[in-house]
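Q: Quick one: the structure is below, and I'll ask about it shortly.
Just so you know, all these numbers are worked out from the coordinates, no wet-lab data involved. Keep in mind that this is a model prediction, so the values were computed, not measured. We place every Cβ from the backbone using ideal geometry, glycine too, and count neighbours over all the protein chains shown.
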Amino acid sequence: MSDRRHTAGESPLELSPSEAAAHNAAMRVAGAADAQVTAKTQRALASITLGFELIVVVLIGLAIFGLGLLEPRELGLVIAGGLAASCVVALACMRIGRVGIILGWVVHGLMLATAIIIPTAHIVGLLFTALWVYCMVKGAKIDRDRAAWLAAQS
């Protein structure tokens, strides 16, 4: 394959109708349709991380309940439910500026605090926090690079 760039004499790349529909749908979901929205990649990666963490939070709550680590036993489910609800709120706020990112940091702090109840949750909390930090750093870099590229195209 040759690396050909678009020049003034060539026609631009044409997408098929199905490709165009899929591309447009993905861009709408990511919030790219709004010109005012910035940090799209960072928020998309944050949403993915919180979504997976939500599943793990529920499973940790079930483990606390099943092991009977708290008295009454249902308290583990209540704590996990509260943490899961905070994950959902952070996910819902991802499209509202930096609010979702800030709430995501709070969720990770609470996740690390569950190590008081079940020590092995500390390992899981550290793994998700490391993933969160990676997504924040790389997502911000991708967004900066995209903004610089778009500015160069103008």
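For (1) in contact with a helix residue (DSSP H, G or I) (Cβ under 9 Å, 6 or more places away or on another chain); (2) touching a residue at least 12 places away in the same chain (Cβ under 8 Å), each residue gets a yes or a no:
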site: Leu110; (1), (2): yes, yes
site: Ile118; (1), (2): yes, yes
site: Ile123; (1), (2): yes, no
site: Met136; (1), (2): yes, yes
site: Ile142; (1), (2): yes, yes
site: Leu150; (1), (2): no, no
site: Ser154; (1), (2): no, no
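Q: Just to be sure, is Leu70 over 28 Å from Thr41 (Cα atoms) and not in a helix (DSSP H, G or I)? Please lay out each step first, then the result.
A: Working: over 28 Å from Thr41 (Cα atoms): yes; not in a helix (DSSP H, G or I): yes.
Answer is yes for this residue.
Q: Something else now. Give me the residue from the stretch 72-88 that is among the aliphatic types (A, V, I, L, M) and in contact with a helix residue (DSSP H, G or I) (Cβ under 6 Å, 6 or more places away or on another chain) and, out of that set, surrounded by the fewest Cβ atoms within 10 Å (Cβ to Cβ). Steps first, please.
A: Narrowing the stretch 72-88 to residues among the aliphatic types (A, V, I, L, M): 75, 77-80, 83-85, 88.
Restricting the remaining residues to those that are in contact with a helix residue (DSSP H, G or I) (Cβ under 6 Å, 6 or more places away or on another chain) gives 77, 80, 83-84.
Numbers: Leu77: 17, Ala80: 22, Leu83: 21, Ala84: 20.
My answer is Leu77.
Q: Still on this model: I'm trying to understand the selection: among the residues of the stretch 89-134, which are in a helix (DSSP H, G or I), among the small types (Gly, Ala, Ser) and more than 13 Å from Glu53 (Cβ to Cβ)?
A: Ala92, Gly100, Ala113, Ala115
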